[in-house]
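K.L.:
Take this structure first; my questions come after.
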Amino acid sequence: MKYFPLLIALLSPGTAAFSQTEVETLDRARLLITEKKYASAFDLLDTFDPGNSMPEPVLLKEEIVLKYFVTSIAHQIFTLLDIGKDEDILQYRGREGTSAAKMFAVNDILDSLILAYPTNYKLHKGLGEYYFEVHLKYGSDWIMEEDEVLARMEHHFKVATEHQVGDNISYYVLGYLKVRNGENREAIRFFQKSIALDSSYATAHYNAAFAFFQENDRENALKYAKQSFELYDDKVYKGDAARMIGFICLDSGDEVEALKYFELSLKIDPDNPYTLKALLELHVKSNNKTAEALILDELMKTGSEDADTYVSLTEIYHRYNREKDLHDFFDVQIKNHPDDQQLLGNLHFFSARLTYSSDAEKTKAHLLQAKACFAKVYDKDHNVFQVIDQALSDLK
């Protein structure tokens with residue numbers, strides 16, 4: 001009995017010292033992160049916990065590799081770098097240079113820690129965040145099937161939120177997964193929870209607008225879309241939000257307001273093909289030939305090599321029974337670009353689609369011209385030749 005006080009006296013200082021060391025290490029690592037010394041911060045944590053056996057250091061290491069990597073190999077190996085305070089890590093991504101490689105398989109490490117610390121639900125949140133980043137970066141091209149990644153992502157975020165350790169991203173991702181499954185009402189609930197936790201997160205507003213729009217609730221769709229537009233700084237996202245507002249207005253029958261937001265979207269993000277196509281349809285519908293010609297010229301400058309451009313054009317002009325006008329435009333383009341074989345091939349090929357049901361001889365001539373042009377730019381086994389030959393056969 002007389003030994004117990006001595007043992008307690010010996011153990012207590014050691015435990016306190018260990019805890020203080022972890023706290024100090026984490027604080028020092030966070031300071032290094034603010035100084036943009038990402039490799040040094042990771043190394044400090046790795047020296048303190050080389051076996052990845054402690055939840056807090058591991059979660060901070062995860063934050064470093066996910067947010068501040070220079071290169072990533074399957075999100076299992078990361079390279080890190082210390083950079084200047086006035087620099088951005090994005091300046092270094094995709095550039096040649098030397099950075100320190102770290103083997104850090106987050107999923108395996110966190111799986112092990114969850115077994116060791118089953119009630120530390122922040123580990124589930126961290127694992128959900130990891131799978132979300134993997135999904136965004138790799139999609140279906142990763143070491144695990146995409147459906148499995150999505151299932152694990154959902155499971156870990158659900159566990160985190162059910163135990164009150166989820167944040168706005170946790171709820172946003174659960175909403176995102178519901179939208180993917182067409183469960184828009186459930187998605188809205190999660191997006192609104194995300195917004196309640198952080199009203200400045202523009203993407204939650206944007207996706208809430210999308211979910212409300214899918215549910216034919218135009219009033220709320222417009223409200224959330226406008227909020228996302230105000231919050232976004234990135235020009236592509238801001239332009240996308242303006243375009244969504246335009247489509248919601250268009251669906252509500254307000255073409256004047258739709259035109260205003262489509263034009264605003266194009267001003268923010270010039271040459272965006274989706275915005276150009278939306279504007280073109282409004283001008284074709286209203287028979288505004290001057291504005292229509294300007295948009296057509298822009299589409300040909302930016303999207304003439306993209307088959308989707310021609311598909312969209314033929315669909316728009318078909319909806320308003322103006323196939324002949326588009327055919328005439330293509331004829332002018334053919335005369336103006338006599339040496340661009342790929343462009344000529346596209347123009348003849350899609351001109352054939354426009355005349356297919358009305359003029360067999362003209363269609364045949366366009367198909368043969370398209371085949372001759374494509375033969376100069378594509379290999380003979382390209383599938384476009386099969387499509388052309390089948391169309392020529394059907395004309396006989």
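K.L.:
Report the Cα-based extents of the range 10-104 along its three principal axes, largest first, to the nearest Å.
P.N.:
Projected onto the principal axes, the Cα atoms of the range 10-104 cover 53, 29, 17 Å.
K.L.:
Still on this structure, I have one more. Can you tell me the order of 350-356, 196-202 when each peptide is scored by its average per-residue count of other Cβ atoms within 10 angstrom, highest first?
P.N.:
350-356, 196-202
K.L.:
Pop out the ³J(HN,Hα) list for the range 272-288 in order, Karplus 6.51 cos²θ - 1.76 cosθ + 1.60 with θ = phi - 60°, rounded to Hz; leave Gly and Pro as x.
P.N.:
5, x, 5, 6, 4, 5, 5, 5, 4, 4, 4, 6, 5, 4, 8, 6, 8
K.L.:
Give the Debye-formula value of log10 I(q)/I(0) at each listed q (0.11, 0.18, 0.21, 0.24 Å⁻¹), with one equal scatterer per alpha carbon of the range 140-240, two decimals each.
P.N.:
Debye curve over Cα of the range 140-240, log10 I(q)/I(0) at q = 0.11, 0.18, 0.21, 0.24 Å⁻¹: -0.34, -0.86, -1.06, -1.20.
K.L.:
For the range 37-168, what is the largest minus smallest coordinate of the Cα atoms on each principal axis, given in angstrom and ordered from greatest to least?
P.N.:
Between the extreme Cα coordinates on each principal axis of the range 37-168 lie 41, 35, 26 Å.
K.L.:
For Tyr320, what residues show an amide H to amide H distance below 5 Å, using hydrogens built from the backbone and excluding near sequence neighbours?
P.N.:
Correct list: empty.
K.L.:
Taking amide hydrogens as modeled 1.01 Å from N in the peptide plane, which residues meet the under 5 Å criterion relative to Lys102, leaving out close sequence neighbours?
P.N.:
Correct list: Phe78, Thr79, Leu80.
K.L.:
May I pose another question? Can you compute the radius of gyration and Dmax for the chain, using only the Cα atoms, both in Å?
P.N.:
28.6, 109
K.L.:
Then there's this: Can you give the direction-averaged projected area of the convex hull of the alpha-carbon atoms in the range 243-349, in nm²?
P.N.:
Its Cα hull, projected and averaged over all orientations, spans 6.5 nm².
K.L.:
Please compute the volume of the convex hull spanned by the alpha-carbon atoms of the range 234-303 and report it per residue in Å³.
P.N.:
Hull volume normalised by residue count: 69 Å³.
K.L.:
Among 272-281, 205-214, how do they line up from the highest to the lowest mean number of other beta-carbon atoms within 10 Å?
P.N.:
Packing order, densest peptide first, comes out as 205-214, 272-281.
K.L.:
Rounded to the nearest 0.05, what FRET efficiency is calculated for His318 and Gln390 with R0 set to 30 Å and r the Cβ-Cβ distance?
P.N.:
About 0.90, to the nearest 0.05.
K.L.:
From Cα coordinates alone, what are the radius of gyration and Dmax values for the range 303-396 in angstrom?
P.N.:
For the range 303-396, the Cα radius of gyration and maximum Cα-Cα distance read 12.5, 37 Å.
K.L.:
Among Val256, Val159, Val65, which one shows the biggest mean-square fluctuation in a GNM of the chain, springs joining Cα atoms closer than 10 Å?
P.N.:
Highest fluctuation among the options: Val256.
A short reminder: the numbers here are calculations on the coordinates, not readings from a lab. Bear in mind that the values here come from a model prediction, so they are computed numbers and not experimental data. With ideal geometry, Cβ positions are generated from the backbone for all residues, glycine too; neighbour counts draw on all protein chains shown.
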